[in-house]
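Below is one structure, written out as structure tokens; comments come after it.
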Amino acid sequence: MTRTTMTSLCAAALLAMTTVACSNSNDRADEAAREAERAAERATEAARDAGEEAREAGREAGRAIERAAEATATAGRDAAAAAGAAIETADVKLALTADARVDASRIDVDTDQGKKTITLKGKVGTPAQKALAGDIAEAKAPGYTIKNDLTVDR
């Protein structure tokens with residue numbers, strides 16, 4: 001073999017190896033591109049799922065806020081009713097205590113704000129004190145029904 005033939009054969013072998021290597025590189029590049037595309041699809045799907053989960057969490061948080069707001073409003077109304085009942089109770093008890101004609105030391109005053117009712121319980125010394133206590137309660141709590149459950153201690 002001559003030098004020229006040998007050089008030509010080497011060049012042909014080198015060209016064949018380069019072609020195979022390029023072909024393998026192209027195949028690997030194509031496979032890598034397909035794998036990257038599959039990974040991108042999985043990432044897109046995961047992002048979609050995460051977005052839906054975030055939206056649902058946001059909706060649940062909104063519902064929880066609504067429930068908390070309603071509970072707060074209810075508690076506020078209950079507190080206002082309790083405060084109103086306490087004021088009525090104190091007003092009636094103070095008026096009974098201030099009137100020297102009634103011994104209010106054994107009179108309990110209970111107020112039901114929802115039913116707009118004041119109940120007098122306990123004992124007084126005479127039927128006149130029982131009647132007077134009822135009259136005082138009516139005067140101090142207009143718009144309330146007075147339930148006079150006082151007993152006369154004989």
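Read-outs throughout are calculated quantities, based only on the coordinates presented, and are distinct from any laboratory measurement. No experiment lies behind these values; they were computed from the predicted model shown. All Cβ positions, glycine included, derive from the backbone under ideal geometry; neighbour counts span all protein chains shown.
What translational diffusion coefficient, to the nearest whole µm²/s, does the range 52-154 have by Stokes-Einstein, given a Kirkwood radius computed over alpha-carbon pairs, a temperature of 20 °C and 1.002 mPa s viscosity?
Diffusion coefficient, whole number: 134 µm²/s.
Check cross-link reach from Lys116 to the aspartates and glutamates: straight Cα distance under 20 Å, and skip same-chain residues fewer than eight apart.
Here the aspartates and glutamates satisfying the reach criterion relative to Lys116 are Asp78, Glu88, Asp91, Asp108, Asp135, Glu138, Asp149.
Sort Ile136, Ile65, Ile118, Ile146 so the one with the fewest other Cβ atoms within 10 Å of its own Cβ comes first.
Ile65, Ile146, Ile136, Ile118
I want the antiparallel fraction of DSSP beta bridges within the range 79-154, as a percent rounded to 5.
Bridges in the range 79-154 are about 45 percent antiparallel.
At a 10 Å Cβ-Cβ cut-off, how would you order Asp30, Asp135, Asp103, fewest neighbours first?
Least to most surrounded, the residues fall as Asp30, Asp135, Asp103.
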